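First up is the structure itself, then whatever we jot down about it.
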Amino acid sequence: MLVDGKWMGDWQPVQKADKKGRFVRQVSSFRNWITPDGSAGPTGEAGFQAEAGRYRLYVAYICPWASRTLMARKLKGLDDVLPVTIVNPTLSDQGWGFGGYPEADEDPLFGSNYMHELYTRADPTFTGRATVPALWDMKNNVMVNNESADILRMLDTAFEGIVPSDLRLYPADLADDIDALNPVIYEKLNNGVYRAGFASSQQAYDEAVQGVFDALDMLEARLSDAYLFGSQLTETDIRLFVTLIRFDAAYHGLFKTNLKQIADYPRLSAYMERILHLPGVIDTVNMDHITRGYYSIKALNPKGIRPVGVDHIERLLRSARNK
């Protein structure tokens, strides 16, 4: 990780745990918002007006947090407005790197070798992990935001004046319901699989796994309509989908969340397939990057051996590509 702008030692996926061995996720540091008129968002400072081609989104296909933002970009039709750079899926001793793998990009702005170099450009004294997604202002050469929840929400409205859309991922009439369900899904499932995989005590692991499957059971029972809040896709569906699509191929084995697969949940399986068939979503799912990336985590898989499959997920992806 970076300490006062200097890279310190080998990259490790777990930077912090509590006294009971529970994985603790780093809090994001850059929290400015792109807005239609450049006014300040809910956090951060003003000065980031929506403009076509001004901003660049750095992401990893492996990362569910980054894939939230990729999905929003696709669903909102922002491909020509907001360019993307995809990092290498294999986690190196210096964290995320650029190029050197199929469908991974070189850094087009600065020729950086690693993502942490971008962070020290943004803040020469930065301390912490160099995470994705990261939203960069190419006009002023500053980091705008590295919090996926913020970026997901800002992409819903920031560029409406440039690329109008009928889709609203955070509609006002569902805002309270979305804000109530998001943290439940995050704590028990999105982050819950990581808390299981990176637990450093049996108690922490047992708690996390119980939460994961409590959440999946609850969501399976809830899904009586197309999406979590009825017929309208929202940001909460995006938050859930990115974990579901990775579950059987990565979390079930590598993270030891193996009581069931998503394939064992009929409603969740149908729901995952329904979202995958939405226009553009398949372009945000790269299972080669996902499995290559997760199984390159040395702390969990020292030999880097990647399992074959999962066959039912591959069939699902082929179906979405060929529809």
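The values are calculated or read from the model by the stated rules, or taken from the named source; none is laboratory data. Everything numeric here is computed off the predicted structure, so don't read it as measured data. Because the Cβ atoms are built from the backbone with ideal geometry, glycine has one as well, and the counts that use them run over all protein chains shown. These accessible areas exclude ligands, DNA and RNA; they are computed on the full protein's heavy atoms, side chains included. Shrake-Rupley method; radii C 1.70, N 1.55, O 1.52, S 1.80 Å.
By its C-alpha gyration tensor, with a ≥ b ≥ c as the square roots of the eigenvalues, how is the chain shaped: rounded for a/c under 1.5, else prolate for a/b larger than b/c, else oblate? Rounded shape, in that the Cα axes give a/c under 1.5.
The portion of the accessible surface of region 21-151 made up by carbon and sulfur, rounded to a whole percent, is 46 (1.4 Å probe; DNA, RNA and ligands excluded). Met8 sits with roughly 100 Å² accessible to a 1.4 Å probe, with DNA, RNA and ligands left out of the calculation.
Which of the pairs Lys6/Lys298; Lys6/Lys139; Lys74/Lys323; Lys6/Lys188; Lys74/Lys298 have their Cα atoms more than 28 Å apart in this structure?
The answer is Lys6/Lys188; Lys74/Lys298.
The packing ranking of peptides 157-170, 133-146, highest mean first, is 133-146, 157-170, where packing means the average number of other beta carbon atoms within 10 angstrom of each residue.
With a 1.4 Å probe and every protein chain left in place, work out the accessible area per residue of region 173-323 in Å², rounded to a whole number.
42
Within the accessible area of region 176-249, the carbon and sulfur atoms contribute 46%, probe 1.4 Å, all protein chains present. In this structure Thr90 has an accessible area near 50 Å², from a 1.4 Å probe over the protein heavy atoms. Rounded to the nearest 20 debye, the dipole magnitude of the chain is 880 debye, with +1 charges on Lys and Arg beta carbons, -1 on Asp and Glu beta carbons, and the Cα centre as origin.
Ellipticity at 222 nm from helices only: DSSP H runs of n ≥ 4 in the chain, each -39500 (n - 2.57), divided by the residue count, give -10500 deg cm²/dmol. Note that region 38-115 presents 35 Å² accessible area per residue, ligands and nucleic acids not counted, probe 1.4 Å. Farthest toward the positive end of the dipole of region 241-323, out of Leu268, Asn322, Phe247, is the Cα of Phe247, where the dipole comes from beta carbon charges about the Cα centre.
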